[in-house]
Protein chains: 4
Amino acid sequence: MLRTQIIGATGYGGLGMIELLLSHPEIKITSLLAKTDTGQPISALFPHLRGFCELRVDEAIPDRVGVDADLVVFATPDGVAMEHAAKLRAAGIGVIDFSGDFRFASMAEHQRYCGRLSSDRAKTHVCHGLLNETVYGMPELFRRQIEGARLVGNSGCFAVAMLLGLVPLIEGDIVEPGSIIVDGKTGVSGAGKKPSSINHFPERNENLTPYRIATHQHGVEVATILERATRTRIGLTFVPHLLPITRGLLCTIYGQLTRPAAAPEIRNVFVERYAGEPFLRVLPVGDAPTVKAVVGSNVCDIGVSVDTPNSRVVIVVAIDNLLKGQAGVALQNINLMFGFDEQLGLARLPMYP
Amino acid sequence: MLRTQIIGATGYGGLGMIELLLSHPEIKITSLLAKTDTGQPISALFPHLRGFCELRVDEAIPDRVGVDADLVVFATPDGVAMEHAAKLRAAGIGVIDFSGDFRFASMAEHQRYCGRLSSDRAKTHVCHGLLNETVYGMPELFRRQIEGARLVGNSGCFAVAMLLGLVPLIEGDIVEPGSIIVDGKTGVSGAGKKPSSINHFPERNENLTPYRIATHQHGVEVATILERATRTRIGLTFVPHLLPITRGLLCTIYGQLTRPAAAPEIRNVFVERYAGEPFLRVLPVGDAPTVKAVVGSNVCDIGVSVDTPNSRVVIVVAIDNLLKGQAGVALQNINLMFGFDEQLGLARLPMYP
Amino acid sequence: MLRTQIIGATGYGGLGMIELLLSHPEIKITSLLAKTDTGQPISALFPHLRGFCELRVDEAIPDRVGVDADLVVFATPDGVAMEHAAKLRAAGIGVIDFSGDFRFASMAEHQRYCGRLSSDRAKTHVCHGLLNETVYGMPELFRRQIEGARLVGNSGCFAVAMLLGLVPLIEGDIVEPGSIIVDGKTGVSGAGKKPSSINHFPERNENLTPYRIATHQHGVEVATILERATRTRIGLTFVPHLLPITRGLLCTIYGQLTRPAAAPEIRNVFVERYAGEPFLRVLPVGDAPTVKAVVGSNVCDIGVSVDTPNSRVVIVVAIDNLLKGQAGVALQNINLMFGFDEQLGLARLPMYP
Amino acid sequence: MLRTQIIGATGYGGLGMIELLLSHPEIKITSLLAKTDTGQPISALFPHLRGFCELRVDEAIPDRVGVDADLVVFATPDGVAMEHAAKLRAAGIGVIDFSGDFRFASMAEHQRYCGRLSSDRAKTHVCHGLLNETVYGMPELFRRQIEGARLVGNSGCFAVAMLLGLVPLIEGDIVEPGSIIVDGKTGVSGAGKKPSSINHFPERNENLTPYRIATHQHGVEVATILERATRTRIGLTFVPHLLPITRGLLCTIYGQLTRPAAAPEIRNVFVERYAGEPFLRVLPVGDAPTVKAVVGSNVCDIGVSVDTPNSRVVIVVAIDNLLKGQAGVALQNINLMFGFDEQLGLARLPMYP
């Protein structure tokens, strides 16, 4: 059994990891750490876990990090994992991080990303020595590198959806790489468990709010990774919107066609590129993804349309932001890192209705 | 493998059964029947099932009922199962029914229940010969009888919550049996998949609607079963309300105490009565059940409070109406009927957030 | 023009008052005070007010209270109005308060109410000299006393609904006064604008939460006022539930009949008791109130049902918690206090859909 | 008093018109017509109207159309108004239509629009003789022509938002006219009162659904009107999405800049273009419109952002789809047609929270 420690266990990210690992036959959670709400069983914070998990949450003091663990999951904000990774790696302990700390291959890339964070969240990287070792945690792009890796930077939730929609378009030279517009919509859980004015129920309910227009960090993340993977300069405008739903994320991606192409032809490019992928469904032309068809699962639905008169392709991608967008893709990565079946613990149906 | 046929496969009840059985290691779905939307794979109707289940839905003509099956699940309205049960039983095929057809032990009981249905739903029973064989499908009340049974009438969703809250109160002589008031609240999925004015999104959203005030059939169902189980005459007023949520059901139960008693004492009665029950959680005094803590699972949460100045107990019970209130309790029953582990295929965490 | 100052202008209660007074032909808002978010126009806090109201919010320092005002509206928590009322009344300035400070006629009543508040909210009354002057702000019960009054304690939101449902039952000797159960359901806005875990969108959405079971202060408020108005000892169990909606409040009231009576007969008692009331609608027997039919207006809908076999009446009452439950009834009171038409500024249709 | 007949009174569009006209001091509703649910008072269908409007709904037979009316409002689908307009105009009766029948100036334009409708909704125009008389009902574009007009084709809801966001961009030569992408999001009420699978609560709740990708008729409507108004060939890709909210509509508009320009500069173009407009609010740079800030009112909020590295402008426009997107703009048009103050009956605050 792989002994796993989860740091940031009291947030939605940590919770998602706990839930998945509880039913994983090869992994055992050995400890839960957090900064707040410590000293009590996790089920006191999340009553739905009563009877399923009674592990105590301990304070995340440095001495506890990595204790009794083969793997540490950092379900923490930017700047936490980078403080512990070197020591953990030196001790031979695997690390997967949910923040941007280990998504990038150089300080320059990391700084470009941090430029999009608010000043209290942006951090100077304190562990750049590991940036040439870390792998970007998207199996559909970097499966070979993730296999056997011991340091993985899990993708951002919007980045997962955008990349899955864009990779075949750029690799296949289907759209002009400078013409990309992504209109993103996300459920509220993406913003975490901490109450805020913007997600107070009376404010969020029956509302729709665009935010960080053309300045969200996942836009830069996607451009960076895409440029690295495809060696093509990307021009991408990304505008996220906050939906009045709890889970689910959908991106509508627009791009100018490099040459005339019909939807079935472009769909075929997706089908071929993603052949054998265990969690991707390329829908028939004419069908559009919805969040309801994927929420509760690690599945990603992709739909292809073409606006012929205007020579544009429209790709719609839907995922559960907390699963394929966070803990689900993390477990997919962990399975690859440690040689388990990639789908182990992830065979969950979407929840409907 | 137990070969199982699901009739009414295109409704929410049938869907719930499909989803649970897909991951059950001892049961195999051999056919899906329905009255409408037939001739296509079930995933064409429920796109979230793409890649998980591609079985075709066939028209529910009499000749197909029971074919290639050891068990037939009727996820159908009142009046359907009663037409087929005799033939199926004669052929040695097991039957579980989601309607009221086989919940009662006599024509009189069934007629009392039907008196609460609208005229187009009330049916004269055509299979009363089996009423002395059928078992009411609530394991917490009739586990011994369900074990090995081959004809079970699955409980109504509100009845599950009411009975789980009332049984210890009546058995323990804690409340006056004529003083019971149940204020029920349910999500919309309980009304099924067929669009209607009352559940059109703009009408249901941001709304709360009481309905069938003191005339809902589940009130009679509960009184009937409770009287049978406890040999006590029950006086129960039940008022259901439609919530603007998809899944989840909560009952707030009020009763006059027969003698002074504090909440911890009454809670103990529940704890003892339900010791060993795999899906029931009796919460600490001071904690109240919520639907969010149970939805997505077969769990039932129960909370106990006392209004001392007015000598009343308040029991709150929460379940997922589509799982513990329908397909989940059905699978619990099926496991008991066929000798599988009672929890097999039901070890699902609630989904949160 | 009646010069009015609103204290607590940045909460939902103060906002509701601002919105109503903006279109009142006889009242002018002269100043807005608050404890936080001061120094900026109210429209910076509530962007929907841009172009409608650009008044600046000033800090609520004692010297500003009552300045340039004929009326001060305290849209503040318990304990604030009591500190200022004596000085304001001495200066001939009218006072209406949204908290419990001036709802009661004696220290004993006020203490009984405070016993239900959390310790940080309960206050020892510092202005009991005015308790014999203040009027309980429910026009349907105390219209004569409110007319011309200069100190009014506005009703609590749940109290409005409960009292409107109970007064005819108790006055008419229809139910046993010790047998009353009120199952309340409220939208989230009743808990105010301050973000909290319980009303964080992912926690509240798709949820239902009972709270303060049989210990909510509005239960005591109703019993106290009802006992005063009807000189009858009341036994009332009140259990509120938090709904996943923004506005709207519905109470389902249960009582044991003193003698057999059918629904139309009891409905007539309501119709006669409330003849001429401008904002009350007693629905035809068979129709049930819903929150959607009243939200956005000062209207209260009342429905009457009888459970004949169990000799119980069921009264359902629905209001908009922020209008008839707060700012709407406040304006009704203000109109009566200052001799304006009772309906002035309140002729708003419910918003549907 | 302007005597007004509303046809299609039992839909959301007709209802919105009724609600606004009830409080209009110069207009009197003389009759309500509809195809279904006739023979009863409108308040039997819409219980929130009890006590506010008890007019009977009559069957919409041809002989009743225009009777006792100076103005007929067609709140009806495509193809209805065109059958009656000639007769009404010949009788000197004013006509305003909510469908596409009279939005266009030629058969060619109308056919282009109908090409986007489903076959059961597309109609061959039977009244092209009036197409040179009709005016497109958007005051911000065609105020002069609407003043005194007697035949107006009210704008489509998405078209209102798109045009208000695009007109200054095109008129001001700010964006490449062939580069426009509009990502639209709408509440469910835009689809009307008729229950459907897609808007059944359990299906719509917690969901987001793109539909008619790049083929929605309002995309063609906008291009047509914009080309007519600005004499510029427009290339526009429009993708609408169905939100899980009742009211509200938001468009995120993307366009390639013709030359470098910062957000404040572009915002100034909007401020100048819309100076004096009674219902438009151009937000400060850095603020984004939300639906919550406009719903319940006739207000339109517009926000301007620029993605400098990619030379794109992002315009966000938010309206209440049933008011500024339908009945509100209709009343604005009616006021202009008949010489009333443009804002009469429309001075409503948004409803918040």
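Across the identical copies, the 7 Å label point of A:Thr215, projected outward along Cα→Cβ, sits 4.0, 4.7, 6.0 nm from its counterparts, in ascending order.
Considering the dipole of chain C built from charges on the beta carbon (Lys and Arg +1, Asp and Glu -1) around the Cα centre, which of C:Ala347, C:Val314, C:Gly11 is farthest to its positive end? Selected residue: C:Gly11. When chain A is turned onto chain D, the axis of that turn runs closest to one Cβ of chain A, and that residue with its distance in whole Å is A:Asp183, 2. Between copies, the label points of B:Gly339, set 7 Å from Cα on the Cα→Cβ line, lie 4.1, 9.1, 9.3 nm apart, reported in increasing order to one decimal in nanometres. If you run the Gaussian network model on chain B, springs between alpha carbon atoms under 10 Å, then out of B:Tyr113, B:Tyr211, B:Tyr12 the most flexible one is B:Tyr211.
Along the Cα→Cβ direction, 7 angstrom out, place labels at C:Arg212 and D:Thr36. What is the inter-label distance in nm? The answer from the label model is 4.4 nm. Listed by chain and number, the aspartates and glutamates whose C-alpha is less than 18 Å from the C-alpha of D:Lys123, apart from same-chain residues fewer than 8 away, are D:Asp78, D:Glu83, D:Asp97, D:Asp101, D:Glu109, D:Glu221. For the range C:19-26, backbone phi angles converted through the Karplus equation (6.51, -1.76, 1.60; θ = phi - 60°) give residue-by-residue couplings of 4, 5, 6, 4, 10, 8, x, 10 Hz, Gly and Pro being listed as x. Work through the residues other than C:Leu226 whose Cβ is under 15 Å from its Cβ and net out their charges, Lys, Arg +1 and Asp, Glu -1. Once positives and negatives cancel, what remains is -1. Only Cα pairs within less than 10 Å get springs; with that Gaussian network setup on chain A, which residue of A:Ser118, A:Ser297, A:Ser99 has the largest fluctuation? Its mean-square fluctuation being the largest, the pick is A:Ser118.
Of B:Leu250, B:Leu117, B:Leu331, the residue with the greatest mean-square motion in the GNM of chain B, using alpha carbon springs below 10 Å, is B:Leu117.
Kirkwood radius, chain C, all distinct C-alpha pairs, inverse of mean reciprocal distance: 20.5 Å. DSSP assigns beta bridges within the protein assembly as shown; of those with both partners inside it, close to 45 percent run antiparallel.
Just to confirm my numbers, what's the Cα centroid distance between the range A:253-329 and the range B:140-179 in Å? So the separation of the two Cα centres works out to 48 Å. DSSP beta bridges fully contained in the range C:158-321 are about 70 percent antiparallel.
Counting DSSP beta bridges with both partners in chain D, what percentage is antiparallel, nearest 5? Antiparallel bridges: around 45 percent, rounded to the nearest 5. In this assembly of identical copies, the label point of B:Glu227 (Cα plus 7 Å along Cα-to-Cβ) is separated from its counterparts by 3.9, 7.5, 7.8 nm, sorted shortest first. Near A:Val314, the amide H atoms lying under 5 Å from its own belong to A:Ser305, A:Val306, A:Asp307; only residues 5 or more places off or on other chains count, and H is placed 1.01 Å from N. Counting only residues at least eight positions apart within a chain, or on another chain, the aspartates and glutamates with an alpha carbon under 13 Å from that of C:Lys292 are B:Glu203, B:Glu206, C:Asp301, C:Asp320. Couplings for the range D:312-317, taken from phi via the Karplus curve 6.51 cos²θ - 1.76 cosθ + 1.60 with θ = phi - 60°, read 10, 9, 10, 10, 10, 10 Hz in order; Gly and Pro are left as x. With +1 on each Lys and Arg Cβ and -1 on each Asp and Glu Cβ, and nothing else charged, work out how big the dipole of the protein assembly as shown is about its Cα centre, in Debye to the nearest 20. For the protein assembly as shown, the charge dipole is close to 0 debye. Based on C-alpha pairs under 8 angstrom that are at least 6 apart in sequence, the range D:158-321 has a relative contact order of 30 percent. For chain C, the relative contact order is 17 percent, taking Cα pairs closer than 8 Å that sit 6 or more residues apart in sequence and dividing their mean separation by the residue count.
Coordinate-derived values only; no laboratory data. Quantities reported herein were computed from a predicted structural model and do not represent experimental measurements. Don't worry about glycine lacking a Cβ; one is built from the backbone with ideal geometry, like all the others, and counts go over all protein chains shown.
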